[in-house]
Every structure is written in C-alpha cells, then in structure tokens.
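Just below is one structure, and these are the notes that go with it.
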Amino acid sequence: MGNIDSYERPPERFTMPRQPIVAHTLTNLDRATARFRSEVGKIALVTTMGALHAGHLALVRFARTKARRVIVSIFVNPTQFAPQEDFASYPRTFEADFAALQALGVDLVWAPAAEVMYPPGFATRVTPEGPAVVALEDKFRPHHFGGVATVVAKLFTQVRPHIAIFGEKDYQQLKVVTRMAADLDLRVNVIGVPTVREPDGLALSSRNVYLSGEERARAPTLHRVLKECAARILNGKPIAAVTADGAAELERTGFVVDYLAARHAETLAPVTSPRDGPIRLLVAAKLGRTRLIDNIAV
Ligand code: PAF
C-alpha cells in the first residue's frame, strides 16, 4: 500500500471492487466521514492494531450487518505497551490487512501515524477506573488501560461512529471502553462480539504467532480448563476451590498463571457464589514468552 494519504481511493493496483478509502490524516478522515454522515444509516467503527486474523474479520462482518458504513482503524498504540512489552515487535502487516478489509467491503481504513495520534506536546490522558481497576489485567499491566482508554476515546472522537464493535476476547477492555464511552458522553453504542476460536478451542489472537509448535499444542488447555471450571461452578462447587484447582492444572501443563478469576460479568467485581450475579471466568497465563488471555461466561 505504501504511504497513501489521500481521500481519493488508492491507485488501481487491486483487481477487487470497492477499494476502501485510506486516510492517514485527520483532514482526509474528516472529508470521508462527513460524506458518510450525510447519508442515511449508521457508521460502525472496528478499532484494531492490525495483524488482522479471523477474529477481527468476524467483528468487521458483524459491523457490516449493523451499519451502512464500516470504518476500521489500524494503529499500533504505543501508549498501551509498557517499555518491556512487545510494541517494537508487534506484527505489522498493513498490505495483508488492507486486502482482507477490501474483500469484506470496508469503506474506510483509518491508519494515522503516531505523530497524528500523538502530536508533539501531547499531554492528556484518560484514566479509567471502575472495571479498569479490579486487579485483573490492570494488576499485571498497570499502564495498559490508560493507554487503551486514551486512544479509544481519541478514535471515537475522530471517527464519531454510531456503533463500535469490540471482541469479547479482551473482556476487561470491552468493559473499560463501554464505561469510558458512557462516562465521557461519546454517544457511541459499544457492542461486544463473542470470541472466535480455533477448532481446538484456542482463542484467536495476533500474539498466537509467537507460540512455538510445542507451545501451540499445549495452548488449548487454557480454554479447556475454563470450561471445566465453569461446569464445576454450575454444579455448585465453591468458586475459590474451583479457580485454585484450575490454576494448578494450568501450572502443571507448563503455564505460568497471572490470574484465573471468577468475576461479576458486568462490574468485574469478585464473586463468591452464582447468587452474586452473572459470572465471567477470566484467565491470563504465560506459555514460554507468550502471554495468553481468555474468558468465558459461566
Ligand atoms: O484491542 C486492541 O487491538 C487495542 O487495544 C485497541 C482497542 C485497538 C486500542 O489500541
């Protein structure tokens, strides 16, 4: 794709119809979205960091069913990575991403450079609370949701979509973004879409490419253990014992477990019994150098 920065559709290097507009600047984004807003029908936004897989494409397909215009943002957001994390090595696959989005009939790809998102002198940060401070991801990645909330608030402000589609795979993120959009009156309906899984149960993730062959073979244990824990909770077993057993089984399989927790599905507050409300089981664990997260409803 090179460095296209134009409201116009890219040169005819592709044979497929309906090439998405690619915008790299706010001026070009505004020109395209002004036209979309003048039309009847909704605008949907799917926010991504690129390296698109079938899970992202399911979000785009879902967006297509809900809106007349679908915009996909591709931006590897530096502010949500800690210095020791994988920002530099995070997979960047714009050409393949663009081809996949074109095939799905996406209308606009919003791909700002870091200097467009964070110009010199940028000094404002959204600090989410509520579901962002419940000792799950936030305990192990304390910088993370501030970066996510800041960039997603900016993306919502820049694009002004009617709806925004997020994967349930990043369940805490979904709750943080939903809360943030409501609290800041951003007038966007945030919709969660179920996790897409490999046939063996492993949740699709851009980071799965980091797994060695042997780790990939063990990785589906994460989902199997979650399902076993959910079944035991439904059978009336004490939640604390169930999650402790689940974590121990993961450790035996070679995972280093950050957390395996049962939480209220909306607030993410700890629960001790199904009487506390709808339960979501959430897990994060490292397999070798790859950190995997997953969750399921009980
Ligand atoms: O889930 C992601 O890919 C990112 O956290 C998001 C929402 C695009 C913000 O950078």
Taking R0 as 30 Å and r as the Cβ-Cβ distance between Arg197 and Arg18, the FRET efficiency 1/(1 + (r/R0)^6), rounded to the nearest 0.05, comes to 0.55
Dipole magnitude of the stretch 169-298 about its Cα centre, charges +1 at Lys/Arg Cβ and -1 at Asp/Glu Cβ only, in debye to the nearest 20? 40
Helix 26-38 sits at what angle to the longest principal axis of the chain, using alpha carbons and giving 0 to 90 degrees rounded to 10? 90
Principal semi-axes in Å for the stretch 206-297 [√(5λ), Cα gyration tensor, largest first]: 25, 13, 10
At q = 0.19 Å⁻¹, base-10 log of I(q)/I(0) for the stretch 21-193 (Debye sum, equal scatterers on each alpha carbon): -1.41
Enter the angle in degrees (range 0 to 90, nearest 10) between the Cα long axis of helix 239-252 and the first principal axis of the Cα atoms of the chain, meaning the one along which they spread out most. 80
Collect residues whose amide H, placed 1.01 Å from N in the peptide plane, falls under 5 Å from the amide H of Lys237; neighbours closer than 5 in sequence don't count. none
Let's test the formula: R0 of 35 Å, r as the Cβ-Cβ distance of Ser273 and Val209. What FRET efficiency results, to the nearest 0.05? 0.35
The stretch 191-228 and the stretch 29-108 have their Cα centres apart by a whole-number Å value of 22
Starting from a Cα-only point model with no solvent, please compute log10 I(q)/I(0) by Debye for the chain at q = 0.13, 0.16 1/Å. -0.94, -1.35
Estimated FRET transfer efficiency (Arg37, Asp86; beta-carbon r; R0 41 Å; 0.05): 0.65
Model label zone, Arg187; criterion: amide N under 17 Å from point 7 Å along Cα-to-beta-carbon; scope the stretch 22-37: 30, 33-37
What order, most packed first, do the peptides 192-204, 76-88 have when packing is the mean number of other Cβ atoms within 10 Å of each residue? 192-204, 76-88
Among 160-170, 48-58, how do they line up from the highest to the lowest mean number of other beta-carbon atoms within 10 Å? 160-170, 48-58
Sequence-distant or interchain residues sharing an amide H contact under 5 Å with Ile279, placed H: which? Ala265, Val298
Scattering from the C-alpha atoms of the stretch 145-290 alone, worked out with Debye: what is log10 I(q)/I(0) at q = 0.09, 0.16, 0.20, 0.21 1/Å? -0.34, -0.96, -1.23, -1.28
Highest average packing first - 235-244, 22-31, Cβ atoms within 10 Å: 22-31, 235-244
The stretch 108-148 - Rg (one decimal) and Dmax (whole number), Cα, Å: 13.4, 37
Given the DSSP H assignment, sum -39500 (n - 2.57) over each helix run of at least 4 residues in the chain and divide by its residue total; what's the result at 222 nm in deg cm²/dmol, nearest 500? -11000 deg cm²/dmol
Given +1 on the Cβ of Lys and Arg, -1 on the Cβ of Asp and Glu, and no further charges, what dipole in debye does the stretch 39-90 carry about its Cα centre, rounded to the nearest 20? 480
Within the stretch 156-207: Cβ-based charge dipole about Cα centre, in debye rounded to nearest 20 (Lys, Arg +1; Asp, Glu -1): 120
Just need the relative contact order of the chain here, percent rounded to a whole number, with Cα pairs under 8 Å and 6+ apart. 16
In degrees between 0 and 90, to the nearest 10, how far off the longest principal axis of the chain does helix 54-66 point, with axes built from Cα atoms? 60
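Since every read-out is calculated from the coordinates, none of them should be taken as a lab result. Everything quoted here is computed from the prediction, not taken from an experiment. So basically every Cβ, Gly included, is an ideal-geometry build from the backbone, and we count neighbours across all protein chains shown.
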